[in-house]
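Enquirer: This structure is in structure tokens; I'll ask about it shortly.
Bear in mind these aren't lab numbers, they're just calculated from the coordinates by the rules spelled out. Every value quoted in this text rests on a predicted model; they were computed, and no experiment measured them. Ideal geometry is used to build each Cβ from the backbone, glycine not excepted, and the neighbour counts take in all protein chains shown.
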Amino acid sequence: MAWYCGTYSCGHEGRVNVIGPSKEREWKIDRAFSKMCPDCYKAQLEEENQKAIELAKEMELPDLQGSEKQVAWANTLRLKLIEKFDKFTEKDFDEVKGLFPEFDNLIYDDVLKIKDYIILNKTKASFYIDNRNESIRYFVETYKKQALEVNNETEKAMLDDIKTESTVFPEERITDVPVEITVLEDKITVSTEKNDDFKTIVKNLGYSWSGKSWDRKITKTNGPVSERSAELGNKLLNAGFPIVIFDEEIRQKAINGDFEPECKRWIFRRKNTDCFAINWTERDNDDLYKKARSLPGSKWSNGSVLVRVNHYQEVEEFAELYGFRFTEAAKELIDTYKKSLEKATVVKPAKVEETELKDGLQEILESGDDILDDLKD
Ligand SMILES: [Zn+2]
């Protein structure tokens, strides 16, 4: 054990106690005197703490609880933690994502939410002292569940409020649990508690179970979604189910039964052919089948009756009679066909009188002896 005298970086004289092999001592002494003297260091920390308290007030951070000394230091540590999060940019996030499982399924915004969660909820000074050496990775891993859940709960409460104002109850209801109808661009999804009457209604309207909800894909021939969701809502209300539809206009249509019924009879164009594909979704309609098959040149193929575009006039008459609609593609098929008829060259063929067949040899025989002589040796 040996004491060495020297001058600290702050200019104050002092002595330090250095142990260990002599070759290391020089370095240890230099390092000790490169710092501030203990008094100046303490004063600097106190100043830092005082600044942190002022900054915390300015940033409107929650007050910390603990002993006076704890609070003084924790304020500084909390600011350092905030700084640590602030230095962790979106670019840093993109770099570590995929490298560390802590960041799986997170977006950068979640990291900011975790920071806010800690700052708002951790108000014990001891928290910042205990966790002073932990990394961003540690904080993300430890607090992501709580931090992001809080957010979901807030969203859930908000959604519940909106649902309440978008729910309508039929006068005679068979349950208090509403059916939720979600209207998407090209899909309607519907869900509620398990109920057999509900299941029958949605199945009959062409919905199928996705494992999570009953869904129906809306296409050009069964839409639009507004009409179909109004129809579904109306059927459910009439069966005694309360319904939730966020779209006010659609909800009113469901209440008033004001929607265009679904057209179930369509004339498509069979892809890559010049045929119409006549199609209907009412099951086992033999009568309709016979009528479609009486069209000229009709064939049965893949669940549709096919008729070539050449017979479009007959098909148009058939559509008029039985309430079929043409898809855009089928209409185009007709237009293109009509145009091709206009362009076709119309001719007046010349008539050719039929003449008797000649007998060549007889003609030669009758013409004279000249040639016959030539044939002789
Ligand atoms: Zn000093």
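Enquirer: Could you list, in their original order, any pairs among 97/145; 57/115; 187/253; 124/156 whose Cα atoms are separated by more than 21 Å?
Expert: Details: 97/145 17 Å; 57/115 18 Å; 187/253 18 Å; 124/156 29 Å.
Cα-Cα > 21 Å for 124/156; rest within.
Enquirer: Further, regarding this structure: What is segment 85-158 by shape, rounded, prolate or oblate, if you read a ≥ b ≥ c off the alpha carbon gyration tensor as root eigenvalues and call it rounded for a/c under 1.5, prolate for a/b larger than b/c, and oblate otherwise? Walk me through the numbers on the way to the answer.
Expert: Working: a/c = 1.93, a/b = 1.04, b/c = 1.86.
Oblate shape, in that a/c is at least 1.5 and b/c is the bigger or equal ratio.
Enquirer: What is the P(r) of segment 206-280, as percent of Cα-Cα pairs per 10 Å bin from 0?
Expert: 17, 40, 27, 13, 3
Enquirer: Next up: List the pairs from 194/235; 194/220; 84/113 whose alpha-carbon separation is above 20 Å, in the order I gave them. Walk me through the numbers on the way to the answer.
Expert: On the way: 194/235 17 Å; 194/220 31 Å; 84/113 14 Å.
With Cα atoms farther than 20 Å apart: 194/220.
Enquirer: In the structure shown, do any of 217/299; 69/122; 69/144 have a Cα-Cα gap over 27 Å, and if so which? Mind showing how you got there, number by number?
Expert: Numbers: 217/299 29 Å; 69/122 18 Å; 69/144 30 Å.
With Cα atoms farther than 27 Å apart: 217/299; 69/144.
Enquirer: Roughly what would the spin-label model give for residue 23 and residue 313, points 7 Å off Cα along C-beta, in nm?
Expert: Placing both labels 7 Å along Cα→Cβ, they lie 11.2 nm apart.
Enquirer: What trypsin sites (Lys or Arg not before Pro) does segment 187-266 have in DSSP loop regions with at most 13 other beta carbons within 10 Å? Don't jump to the answer; show the numbers that get you there.
Expert: Working: sites: 187, 194, 199, 203, 212, 216, 217, 220, 228, 235, 251, 253, 264, 265; in loops: 194, 212, 220, 264.
In loop regions of segment 187-266 (DSSP not H, G, I, E or B), the sparsely surrounded trypsin sites (Lys or Arg not before Pro) are 194, 212, 220.
Enquirer: While we're looking at this one, here's another question. Indicate the gyration tensor shape class of segment 168-256 (rounded, prolate or oblate), computed on the Cα atoms with a ≥ b ≥ c the square roots of the eigenvalues: a/c under 1.5 is rounded; otherwise a/b larger than b/c is prolate and the rest oblate.
Expert: Working: a/c = 1.79, a/b = 1.21, b/c = 1.48.
Oblate is the answer for segment 168-256, as a/c is 1.5 or above yet b/c matches or exceeds a/b.
Enquirer: Dividing the convex hull volume of the Cα atoms of segment 265-343 by its residue count, what figure in Å³ per residue is obtained? Mind dumping the intermediate values first?
Expert: Working: hull volume 6.7 nm³, N = 79.
About 85 Å³ per residue, rounded to a whole number.
Enquirer: So, one more: Work through the residues other than residue 188 whose Cβ is under 13 Å from its Cβ and net out their charges, Lys, Arg +1 and Asp, Glu -1.
Expert: Values: positive: 187, 216, 217, 228, 235; negative: 180, 185, 186, 215, 227, 231, 247, 262.
It works out to a net charge of -3.
Enquirer: Over the chain, what relative contact order in percent results from Cα pairs under 8 Å that are six or more residues apart? Mind showing how you got there, number by number?
Expert: Numbers: 403 pairs, mean separation 32.8, N = 377.
It rounds to 9 percent for the chain.
Enquirer: Shape call for the chain from the C-alpha gyration tensor, a ≥ b ≥ c root eigenvalues: rounded (a/c under 1.5), prolate (a/b greater than b/c) or oblate? It would help to have the intermediate numbers written out before the result.
Expert: Working: a/c = 5.57, a/b = 2.15, b/c = 2.59.
Taking the square roots of the gyration eigenvalues as a ≥ b ≥ c, the chain is oblate.
Enquirer: How big is the dipole moment of segment 63-149 about its Cα centre under a simple scheme where the beta carbon of each Lys and Arg is +1, that of each Asp and Glu is -1, and everything else is neutral? Debye, nearest 20, please.
Expert: Values: 15 positive and 17 negative charges, 72 e Å.
In total the dipole reaches around 340 debye.
Enquirer: Quick one: the Cα spread of segment 62-196 along its three principal axes, in angstroms, biggest first?
Expert: Projected onto its principal axes, the Cα set of segment 62-196 covers 67, 37, 22 Å.
Enquirer: Still on this structure, please answer the following. Order of 236, 341 from fewest to most other C-beta atoms within 10 Å?
Expert: Numbers: 236 24, 341 10.
Lowest count first: 341, 236.
Enquirer: I would also like to ask the following. About its Cα centre, what dipole magnitude does the chain give when the only charges are +1 on Lys and Arg Cβ and -1 on Asp and Glu Cβ, stated in debye to the nearest 20? Don't jump to the answer; show the numbers that get you there.
Expert: Numbers: 59 positive and 75 negative charges, 455 e Å.
Rounded to the nearest 20 debye, it is 2180 debye.
Enquirer: Taking 0.36 nm per intervening residue step and subtracting the Cα-Cα distance, what contour gain separates residue 86 from residue 271 on full extension? If you can, show how the numbers build up before the last one.
Expert: Details: separation 185, 0.36 × 185 = 66.60 nm, distance 5.77 nm.
Length difference between fully extended and current span is 60.8 nm.
Enquirer: Right, something else. Average projected area of the Cα convex hull of segment 290-330, in nm²? All intermediate terms of the calculation are to be shown ahead of the outcome.
Expert: Values: hull surface 12.1 nm².
With the hull built on Cα positions only, its mean projection is 3.0 nm².
Enquirer: For the charge dipole of the chain, defined by +1 on Lys and Arg C-beta atoms and -1 on Asp and Glu C-beta atoms about the Cα centroid, which residue among 221, 244, 89 has the Cα displaced farthest towards the positive pole?
Expert: Of 221, 244, 89, it is 89.
Enquirer: May I pose another question? Within segment 193-236, report the GluC sites (Glu not before Pro) that DSSP leaves as loop and that have at most 14 other Cβ atoms within 10 Å. If you can, show how the numbers build up before the last one.
Expert: Working: sites: 193, 227, 231; in loops: 193.
For GluC sites (Glu not before Pro) across segment 193-236 that sit outside H, G, I, E and B with at most 14 neighbouring Cβ atoms in 10 Å, the list reads 193.
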